[in-house]
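The values are calculated or read from the model by the stated rules, or taken from the named source; none is laboratory data. Just so it is clear, the structure is predicted and the values come from calculations on it, not from any experiment. FYI the Cβ positions are ideal-geometry reconstructions off the backbone, even for glycines, and counts take in every protein chain you see.
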Amino acid sequence: MKRFFLENYGCQMNVYDTEGMERLLIESGYARTDAPETADVLLVNTCSVREHAEERALNRLAELTRLKDQRPEVVVGVTGCMAQRMGKDIKRRLPRIDLVVGSQALPAVLEGIDEAEKARARGGKHKPYIGPQTLDHYLPPPIARTGEPRLKGFVTIIRGCNKSCAYCIVPTTRGPEVSRTPEEIVAEVQELVAAGAVEVMLLGQNVNSYEAGGVDFPELLHRVGAVRGLRRLRFTTSHPRDMNRDVVQRMGTAPRLQPWLHLPVQSGSTRVLAEMNRDYSLAHYLDVVDAARAAIEDLSLTTDIIVGFPGETGEDFEETLRLLERVRYDTLYGFKYSPRSGTAAASREDVVPADEKQRRLAALLEVQKRISHERNQRFLGRTLEVLIEGRDAKRGNWLGKSGHNKTVILPDGPHAVGGFVAARIERAEGLTLYGTALGRAAE
Ligand code: SAM
Ligand code: SF4
């Protein structure tokens, strides 16, 4: 039996796509291997969102192609956003690549492998298979059960993005928005739950623009939350532009919804937000935050921030720091702006120097580190429901997650992965909580 090795880079939606490709390959008779040296087909599903992500994937692909020195018959391919963005130009960086299949045509990966093998058999000059620009059929959903039962499942509900943030390559790589039907989504969640999942994360670049057959995102949340056996429901990512008090209130009452919201702000300066083409003001964003906190009790709030967008002044950056103090996020993902060719901001000349971007990122993370620590203190002495997700064998600890998406560490005890325990929190540090299990958590 032929074997494939498939490695993923990038966001949760890429994880979902990778698992869909895995299903295609398994259903076509391939077996999975985690050891590249034993694989007949090696694929890397890539991310383009920042230059660094592309460099990492290119280096990994160069390393994997070197396996051809010993075994010239292996097929090495690049899939996903970088393949979509660069197309055949990727040959310049990876002259020995055998197939290139972009994120909008992933089902073509099987044809690509076939064609690459035929080309090899024919001999002659090396010419990689370049997949179509786009396909109107999608990958099948991932197989819910591949060996180990899994506790958590990702489900993509909307593909692509119709926004045009000035820094972002995603609309180019992923194409326009297409919502899946609510029936398909609910069926996939039911399948995951039947296979042992207790938590589901709904995915989209902008879940709030979901719309299919008259069902909007809050309605979809209610339908998914009602799936029997599902204990935890999460979603990411929300765009502040498509949220308002009414939407937030309807979302907040969905069954099984966990008190966690990832709401990327990108900058605390309304001027920079306008230049980023985010299409909301800081005042609107803060209004959504207040509404979410009113609708969802004890909400844990996280965000994404880009520092050093072209033209960002020291004062703009100070506004971002003030925003952190105002909103008091539980945590954040901070990024240095990375110009992406083909985006509106890429041609701007008023760039922020690299060392200044680095300084701003460090300052941002420093402020947030203190706030995250302070925010975690609210859990001291409280009893939280913790889903046990694993064991740290070396330390003899159990690791779990609270509904707020906080890591909770419990001392050794008679727990099992997948169990829910009630835990009293005794110590809160940085991003982690330490507690003692009191017993099984009520359903
Ligand atoms: N669709 C989501 C949204 O609008 O918030 C996020 C998509 S993107 C994959 C994830 C994060 O990467 C963004 O929120 C942004 O902070 C960051 N990002 C995107 N493009 C970037 C760029 N060119 N440079 C630095 N960070 C970037
Ligand atoms: Fe990129 Fe903006 Fe779309 Fe998010 S909403 S994927 S940041 S263009």
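Assorted remarks:
- Matching residues, region 384-396, being touching a strand residue (DSSP E or B) at 6+ places or on another chain (Cβ under 8 Å) and surrounded by fewer than 16 Cβ atoms within 10 Å (Cβ to Cβ): 390, 392
- Candidate set: region 173-189, residues that are buried (at least 17 other Cβ atoms within 10 Å of the Cβ) and part of a helix (DSSP H, G or I); chosen: the one nearest to ligand 2 (Cβ to nearest atom): 174
- Within region 83-104, residues that are over 22 Å from residue 40 (Cβ atoms) reach partners that are part of a helix (DSSP H, G or I) and of a type in the set (Val, Ile, Thr) with beta carbons closer than 6 Å, at six or more positions or on different chains, in the pairs 84/173; 85/173; 103/173.
- Residue among 39, 35 that alone is of a type in the set (Gly, Ala, Ser), in contact with a Ser or Thr (Cβ under 6 Å, 6 or more places away or on another chain), away from ligand 2 (no atom under 16 Å from the Cβ) and at pLDDT 95 or above: 39
- Candidates 261, 233 - the one that is within 16 Å of ligand 2 (Cβ to nearest atom) and crowded, with 18+ Cβ neighbours inside 10 Å: 261
- Residues that are within 16 Å of ligand 1 (Cβ to nearest atom) and of a type outside the set (S, T, N, Q) occur at least once in region 138-154.
- Unique residue being of a type in the set (Ser, Thr, Tyr), out of contact with any Pro (no Cβ under 8 Å at 6 or more places or on another chain) and closer than 19 Å to residue 298 by Cα when the list is 270, 253: 253
This table checks each residue for (1) assigned to a loop (DSSP other than H, G, I, E, B); (2) at pLDDT 95 or above.
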residue	(1), (2)
117	no, no
127	yes, no
150	yes, no
161	yes, yes
165	yes, yes
171	no, yes
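- A single member of 324, 365, 332, 361 is in a helix (DSSP H, G or I), free of Cβ contacts under 8 Å to residues at least 40 places away in the same chain and within 16 Å of ligand 1 (Cβ to nearest atom), and it is 365.
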